[in-house]
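S.K.: The structure is given below, and queries will be raised subsequently.
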Amino acid sequence: MAQIACGCPPPAVTVATVIDRTDAPQLLSTLSSEHRDLLAGLVRRHEADYGEDFVGLVLSGSAGRGMATERSDLDVFTVLADTGGRGPQTSRSAELDETIVAISDLERVPSFGTEGWWYRWSFAWAPVLLDRTEGRLASALHRQASVTADEAESILVEHDRLDGWLNFAYRTLKNDRDGRSLERRLDAAESIPWLLDVIFTLEGRVRPYHKYLPWELRQHPLTLWPAEELIALLTATLDGDPSAIRATFQRVETSCAAFDSQVAIPVLTPIIESWGDALQILRH
């Protein structure tokens with residue numbers, strides 16, 4: 001499966017260049033003057049403290065995705081050529097959450113379920129405000145936010161995300177059949193994280209945090225899941241709607257068949273078919 005680009009814009013030379021550019025109206029319109037001043041001051045401070053070792057600055061969080069409110073702080077990754085082996089260091093204040101990280105640390109990609117996996121989406125669609133690495137930083141961010149075919153197989157098969165979602169979907173429909181409305185809703189709600197892992201993994205992307213899910217679906221559409229259709233299915237699923245569960249299953253089955261068509265040996269369709277007669281309630 002081809003990797004999906006993480007959407008990082010072309011790197012700029014300095015933060016001042018970014019915030020003063022007339023061809024970046026979206027970024028300008030979503031950053032307050034206080035935030036622009038804070039970023040510019042951060043660059044000046046790191047220039048003085050780290051010199052040539054200061055090689056990059058990435059804006060993440062709400063501000064980096066045009067979703068900042070008056071209560072939002074700035075989430076930034078300060079990238080150094082070397083941190084002396086100390087590893088990432090995070091500091092937090094009311095105005096700024098900053099992680100100082102070596103470029104080599106960004107190039108190490110945590111596997112699903114390991115420490116660091118949850119932070120991978122932090123780098124998806126995050127503007128690179130400064131890059132002195134000749135593209136090395138942008139490439140590292142792209143890799144962090146992308147899922148390769150081998151990773152996808154591991155997530156969906158070895159980590160049971162596909163089979164796990166099928167299990168919760170099946171339980172939801174059984175509870176509905178047996179008149180257990182609360183149990184139906186509970187299993188349906190618990191199915192959502194498994195389902196989102198399946199959907200985004202099949203698209204070659206890391207699942208976003210819930211806060212950013214509608215934004216990503218609308219700003220960076222999935223191939224087989226139109227934004228409003230998926231949002232409607234998720235909303236109905238949270239209420240345990242059997243028709244939403246079944247409609248979602250049809251989409252998942254189609255996506256799994258598409259994935260299997262690109263690999264030498266099918267790995268996902270056999271998982272679905274292994275449910276045998278139990279599939280009748282999902283296809284009903």
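The values are calculated or read from the model by the stated rules, or taken from the named source; none is laboratory data. Since this is a predicted model, take the numbers as computed values, not measurements. All Cβ positions, glycine included, derive from the backbone under ideal geometry; neighbour counts span all protein chains shown.
S.K.: Any residue at all in the range 156-164 that's in contact with an Asp or Glu (Cβ under 9 Å, 6 or more places away or on another chain), over 30 Å from Gln262 (Cβ atoms) and not assigned by TED's automatic domain parsing to the domain that holds Gly113?
M.R.: No - not one qualifying residue is present in the range 156-164.
S.K.: Is it the case, given these coordinates, that Leu74 is surrounded by 18 or more Cβ atoms within 10 Å (Cβ to Cβ) and either in contact (Cβ under 8 Å) with a residue 40 or more places away in the chain or in contact with a helix residue (DSSP H, G or I) (Cβ under 6 Å, 6 or more places away or on another chain) (or both)?
M.R.: yes
S.K.: OK, next. Within the range 79-98, track down each residue that is free of Cβ contacts under 8 Å to residues at least 24 places away in the same chain and surrounded by 13 or more Cβ atoms within 10 Å (Cβ to Cβ).
M.R.: Thr83, Pro88 - these are the residues of the range 79-98 that are free of Cβ contacts under 8 Å to residues at least 24 places away in the same chain and surrounded by 13 or more Cβ atoms within 10 Å (Cβ to Cβ).
S.K.: Can I ask one more? Have a look at Ala68, Ala149, Ala126, Ala94 and point out the one that is more than 14 Å from the chain's Cα centre (by Cα) and under 25 Å from Tyr50 (Cα atoms).
M.R.: That would be Ala94, the only listed residue that is more than 14 Å from the chain's Cα centre (by Cα) and under 25 Å from Tyr50 (Cα atoms).
S.K.: Inside the range 115-130, can you point out the residues that are in contact with a helix residue (DSSP H, G or I) (Cβ under 8 Å, 6 or more places away or on another chain) and among the hydrophobic types (A, V, I, L, M, F, W, C)?
M.R.: Trp121, Phe123, Ala124, Trp125, Ala126, Val128, Leu129, Leu130
S.K.: Only one of Asp197, Asp187 is within 29 Å of Gly116 (Cβ to Cβ), surrounded by 15 or more Cβ atoms within 10 Å (Cβ to Cβ) and either acidic (Asp, Glu) or under 26 Å from the mean Cα position of the chain (by Cα) (or both); which?
M.R.: Of the residues listed, the single one that is within 29 Å of Gly116 (Cβ to Cβ), surrounded by 15 or more Cβ atoms within 10 Å (Cβ to Cβ) and either acidic (Asp, Glu) or under 26 Å from the mean Cα position of the chain (by Cα) (or both) is Asp197.
S.K.: Give the range 103-129 a look and list any residue that's within 13 Å of Ser139 (Cα to Cα) and among the small types (Gly, Ala, Ser), or say none.
M.R.: Across the range 103-129, the qualifying residues are Ser104, Ala124, Ala126.
S.K.: Let me confirm something: among Ala140, Ala63, which residue is closer than 24 Å to Gly204 by Cα, in contact with a Leu (Cβ under 8 Å, 6 or more places away or on another chain) and aliphatic (A, V, I, L, M)?
M.R.: Within the list Ala140, Ala63, the selection yields Ala140.
S.K.: Let me ask you something else. Return yes or no: is Ser122 of a type in the set (Gly, Ala, Ser) and part of a loop (DSSP other than H, G, I, E, B)?
M.R.: No: the conditions fail for Ser122.
S.K.: Please go through the range 79-98 and pick out each residue that is in contact with a strand residue (DSSP E or B) (Cβ under 8 Å, 6 or more places away or on another chain) and aliphatic (A, V, I, L, M).
M.R.: Once the filter is applied, which keeps residues that are in contact with a strand residue (DSSP E or B) (Cβ under 8 Å, 6 or more places away or on another chain) and aliphatic (A, V, I, L, M), the range 79-98 yields Val79, Leu80, Ala81, Leu96.
S.K.: Which one is farthest from Phe168 (Cα to Cα) among residues in the range 235-246 that are under 24 Å from the mean Cα position of the chain (by Cα) and crowded, with 16+ Cβ neighbours inside 10 Å?
M.R.: So, considering only residues that are under 24 Å from the mean Cα position of the chain (by Cα) and crowded, with 16+ Cβ neighbours inside 10 Å, the one farthest from Phe168 (Cα to Cα) is Ala236.
S.K.: Go through Glu216, Glu190, Glu228 for me and flag whichever is free of Cβ contacts under 8 Å to residues at least 12 places away in the same chain and either outside any helix (DSSP H, G or I) or not assigned by TED's automatic domain parsing to the domain that holds Phe112 (or both).
M.R.: Result: Glu228 is the single residue among Glu216, Glu190, Glu228 that is free of Cβ contacts under 8 Å to residues at least 12 places away in the same chain and either outside any helix (DSSP H, G or I) or not assigned by TED's automatic domain parsing to the domain that holds Phe112 (or both).
S.K.: Here is a further query. For the range 86-114, give me each residue that is within 20 Å of Ala145 (Cβ to Cβ), touching a helix residue (DSSP H, G or I) at 6+ places or on another chain (Cβ under 9 Å) and modelled with pLDDT under 90.
M.R.: Passing the criteria: only Pro88.
S.K.: Let me ask something else about it. Mind telling me which of the residues Leu268, Leu222 ends up being under 19 Å from the mean Cα position of the chain (by Cα), surrounded by 14 or more Cβ atoms within 10 Å (Cβ to Cβ) and closer than 23 Å to Thr148 by Cα?
M.R.: Leu222
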